[in-house]
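Chemist: Sharing a structure here in C-alpha cells format.
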Amino acid sequence: MRPQKSLFNALLTHFLMGVALGLSLVLVLGLVDAFHVRDLVAKSGAPVQTTLMLVTTYGLMFGIGAALTGLVLTLEDES
C-alpha cells in the first residue's frame, strides 16, 4: 500500500516536468535553424539577456501550464 502524496508534491512534480519540457523546447529551437531563433538572439543588442528571457519565459509558461493541468487531473482523480 502506497502512502498518499500531498497536493503540493503532486503539483510540484507536474510543474518540474513542464519546466523540463519547456527547456527542451528552447534547446530544440536554438539548435534547429528552422525559425531563425539563433540569428535573432545573436543579432540582438543584449544576447545574454535575450537568451535568459527566452529560457525563463518558456520554462515558466510550460511549468505553469503543466501544474494547472496536474491540479485539474489530481482533483478529478480524488473525487
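Every read-out reported here was derived from the displayed coordinates using simple, explicitly stated rules and does not represent laboratory data. This is a predicted model, so every value here is computed, not measured. So basically every Cβ, Gly included, is an ideal-geometry build from the backbone, and we count neighbours across all protein chains shown.
Chemist: Using only helices, what value at 222 nm comes out for the chain when you add -39,500 (n - 2.57) per DSSP H run of length 4 or more and divide by the total residues, to the nearest 500 deg cm²/dmol?
Modeler: Values: 3 runs with 63 residues, N = 79.
After summing the helix terms and dividing by residue count, I get -27500 deg cm²/dmol.
Chemist: A further question follows. For helix 47-78, what angle does its Cα long axis make with the longest principal axis of the chain, in degrees from 0 to 90 and rounded to 10?
Modeler: 20 degrees
Chemist: A follow-up question, please. Can you tell me the relative contact order of region 8-78? Whole percent, Cα pairs under 8 Å, sequence separation 6 or more.
Modeler: 54 percent
Chemist: What angle do you read, to the nearest 10 degrees and between 0 and 90, between the alpha-carbon axis of helix 7-31 and the longest principal axis of the chain?
Modeler: Orientation of helix 7-31: about 20 degrees from the principal axis.
Chemist: Just how large is the dipole of the chain about the Cα centre, in debye to the nearest 20, putting +1 at every Lys and Arg Cβ and -1 at every Asp and Glu Cβ? Don't skip to the answer; put the middle values down first.
Modeler: On the way: 4 positive and 5 negative charges, 44 e Å.
Dipole size: approximately 200 debye.
Chemist: Give me the extension gain from LEU27 to SER79: residue separation times 0.36 nm, minus the current Cα-Cα distance, reported in nm with one decimal. Write down the numbers at each step before the final one.
Modeler: On the way: separation 52, 0.36 × 52 = 18.72 nm, distance 3.82 nm.
Length gained between LEU27 and SER79: 14.9 nm.
Chemist: For region 8-78, just say rounded, prolate or oblate: build the C-alpha gyration tensor, square-root its eigenvalues into a ≥ b ≥ c, call rounded for a/c under 1.5, and beyond that prolate if a/b exceeds b/c, oblate if not. Intermediate values should be presented prior to the final figure.
Modeler: Numbers: a/c = 4.12, a/b = 2.77, b/c = 1.49.
Taking the square roots of the gyration eigenvalues as a ≥ b ≥ c, region 8-78 is prolate.
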